[in-house]
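Here is the structure we will look at.
What follows draws every value from the coordinates through simple rules; no lab data is involved. Not measured: the values here are computed from a predicted model. When we count neighbours, we look across all protein chains shown, and the Cβ atoms used for this are built from the backbone with ideal geometry, even at glycine.
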2 protein chains.
Amino acid sequence: MPSTTTDSDGTSPGTGKRRVPLSRASVVAAGRRLARDEGLAAVTLRRVAAELGVTAMALYRHVGDKRELLVAMLDGVAEQLVIPDGTGSPSDRLVLAFRALHDHLTAEPWVAEVLRGGELFGPSAARFVEHVLALLAEAGLDDEQAGDAYWALWWYTFGHLSYLPALGPEGRPARHELMTRVRMDDHPRLARMLSRPPRAGAAEDAFVPGLRALLRGLLAD
Amino acid sequence: MPSTTTDSDGTSPGTGKRRVPLSRASVVAAGRRLARDEGLAAVTLRRVAAELGVTAMALYRHVGDKRELLVAMLDGVAEQLVIPDGTGSPSDRLVLAFRALHDHLTAEPWVAEVLRGGELFGPSAARFVEHVLALLAEAGLDDEQAGDAYWALWWYTFGHLSYLPALGPEGRPARHELMTRVRMDDHPRLARMLSRPPRAGAAEDAFVPGLRALLRGLLAD
DNA sequence: ACCTGAACACCGTTCAAGT
DNA sequence: ACCTGAACACCGTTCAAGT
């Protein structure tokens, strides 16, 4: 019945029978494709299933529930992260690591959204955390200091990723609405900040200086 | 019909007729009460309406749509923020301001969730931004530097607020699940970080030192 | 003017049933 | 073993109808 009524799923269905017999990997891959192409909101079990030419209930045989699907998607991203390293100071190498993380996650914005859902991270992200903790130790921090510093760096990075949409072109209407509702006479500096032409990639360019500033403060005794 | 079948709304309904004739303010107040007591997920138009002894559709006369309700709730919180100030250095006064913001928002965790939805903030938050920008200027930053510094401070604060649930007792199951799935032999430092007894209020206590570190880096020429 | 009832197009999830 | 159909208990939102 739905095969004749639905017409908005232009990819795999239409070929009639499925080639591959539906595995956990294919479900997760379909989820990632959907998230990348149409945003996290498009990742519903029904949509993912449709993408695979199958009903939503068939997915439960492979993923448990939706949360598990999202975590699996997350872990796929973490797995693909390449952590660059160098021969400079621990601080320089930390900048390198976090910039790589930042760029990697910026390329797939839905990841920040899932992380906001409360997930710490998948197992594959452990590599990154371990790498950062080792560099912080090399810089002279003890276990507890390194732990706190790791979280500070992550909060900064995560906050940045979360606010990219609001600062980018997508956030224009919200910023405009705000400017009309705030009495700008009483807030001259805010008015200047909001009205300043948002130079291309300003938010991205601001990330590294802020990161360096945070590191300078964290690593200073 | 629903007045006899529903029995889970213990507050206003049950008194029979409503006292107050349903205003925008009462709708927003009901939303905040619900968010505070049962979390943001409980704030559905149907639940808010039930709380007021009314149908969901009645709300549309007063709030436009759900997003508008959430922004109005947000603005109520911002309005109640008291920004303390002192006579110390700009840096100390910035710590004072952000700590007040942090404590205020920690008390109502749903706010961070709404902000994650992409809202910059409501008009009432303009006071805070203006205050911070003025202090950054006093510390010697020009408009552009102050703008970047403001965002760095906000990213840090927002990231912290977003991760509080994951680090607190609520996040225990997720942390535990993670520890079982990661090969901890390969990640000794991560293992130590996750297994360390999370001292009471560790995340809260880590906020201010990280904030000071960030400020030190941002205000250094 | 203000509110309601019924409906629409969605969700995640369960469960008995098919092959 | 693997998938489907139908159903349940929800969402936000629209629209004609009531008072």
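Taking every Cα atom in the stretch A:27-107, find the radius of gyration and the maximum pairwise distance Dmax, and write them in Å.
In Å, with Rg to one decimal and Dmax whole: 16.6, 53.
In deg cm²/dmol, rounded to 500, what helix-only [θ] at 222 nm does chain B give when every DSSP H run of at least 4 residues adds -39500 (n - 2.57) and the total is split over its residues? All intermediate terms of the calculation are to be shown ahead of the outcome.
Working: 12 runs with 147 residues, N = 221.
Calculated mean residue ellipticity at 222 nm is -21000 deg cm²/dmol.
How large are Rg and Dmax for the stretch A:140-221 when calculated on the C-alpha trace, in angstrom?
16.7, 50
With viscosity set to 1.002 mPa s and temperature to 20 °C, compute the Stokes-Einstein D of the stretch A:78-219, Rh being the Kirkwood radius across alpha carbon pairs; µm²/s, no decimals.
The diffusion coefficient I find is 127 µm²/s.
Quick check for me: using +1 on Lys/Arg Cβ and -1 on Asp/Glu Cβ, what's the dipole size of the stretch A:78-219 about its Cα centre, in debye to the nearest 20? Intermediate results must be reported in sequence, preceding the final value.
Numbers: 14 positive and 19 negative charges, 184 e Å.
Its charge dipole is roughly 880 debye.
Can you list the HN-Hα couplings for the stretch A:58-71, worked out from phi with the Karplus curve (6.51, -1.76, 1.60; θ = phi - 60°), rounded to whole Hz and with x for Gly and Pro?
Working through the residues one at a time gives 5, 5, 4, 5, 10, 10, x, 7, 5, 4, 5, 4, 5, 4 Hz.
Rounded to whole Hz and in sequence order, give me ³J(HN,Hα) for the stretch B:145-156 from the Karplus expression 6.51 cos²θ - 1.76 cosθ + 1.60, θ = phi - 60°, writing x for Gly and Pro.
4, 5, x, 4, 5, 4, 5, 4, 5, 5, 4, 4
Determine, for B:D148, A:D65, B:D143, the number of other Cβ atoms within 10 Å of each Cβ, and report the residues in order from fewest to most.
Details: B:D148 22, A:D65 10, B:D143 14.
Listed from fewest to most nearby Cβ atoms, that is A:D65, B:D143, B:D148.
Between the label point of B:G140 and that of the same position in each other copy, find the distances and list them shortest first in nm, with every label point placed 7 Å from Cα along the Cα-to-C-beta direction.
Values, ascending and in nm: 2.3.
Check B:L52: other-chain or 5+ apart residues with amide H under 5 Å from its amide H, H built from backbone geometry?
Excluding prolines and chain starts, which carry no amide H, there are no hits.
Farthest toward the dipole's positive end in the stretch A:115-161, which of A:H160, A:V129, A:Y150, given Cβ charges of +1 (Lys, Arg) and -1 (Asp, Glu) about the Cα centre?
A:H160
Of all the Cα-Cα pairs you can form in the protein assembly as shown, what percent are over 36 Å apart? Mind dumping the intermediate values first?
Working: 34494 of 97461 pairs.
Roughly 35 percent, rounded to a whole number.
For the protein assembly as shown, what is the charge dipole size about the Cα centre, in debye to the nearest 20, if Lys and Arg each add +1 at the Cβ and Asp and Glu each add -1 at the Cβ?
Details: 52 positive and 56 negative charges, 305 e Å.
For this selection, approximately 1460 debye.
For B:E68, which inter-copy label distances result when the label point lies 7 Å beyond Cα on the Cα-to-Cβ vector, reported in nm to one decimal and in ascending order?
Nearest first, the other copies' label points are 4.2 nm away.
Calculated FRET efficiency, B:D186 and B:T106, Cβ-Cβ r, R0 56 Å, to nearest 0.05?
On the way: r = 35 Å, r/R0 = 0.62.
Computed FRET efficiency for B:D186 and B:T106: 0.95.
Put +1 on the Cβ of each Lys and Arg and -1 on the Cβ of each Asp and Glu in the protein assembly as shown; which of A:V43, A:L101, B:L141 then has its Cα farthest toward the positive end of the dipole?
Towards the positive end, the residue furthest out is A:V43.
Put a label point 7 Å from Cα along the Cβ direction on A:A107, then list its distances to the equivalent points in the other copies in nm, shortest first.
4.5
Applying the Karplus parametrisation 6.51 cos²θ - 1.76 cosθ + 1.60 with θ = phi - 60° to the phi angles of the stretch A:34-46, what ³J(HN,Hα) value in whole Hz is obtained for each residue in order, glycine and proline being reported as x?
For the stretch A:34-46, the Karplus curve yields 5, 4, 5, 7, 10, x, 4, 4, 6, 7, 10, 4, 5 Hz.
How big is the charge dipole of the stretch B:52-146 about its Cα centre, in debye rounded to the nearest 20, if each Lys and Arg gets +1 on its Cβ and each Asp and Glu gets -1 on its Cβ?
On the way: 7 positive and 15 negative charges, 91 e Å.
Taking the Cα centre of the stretch B:52-146 as origin, the dipole is about 440 debye.
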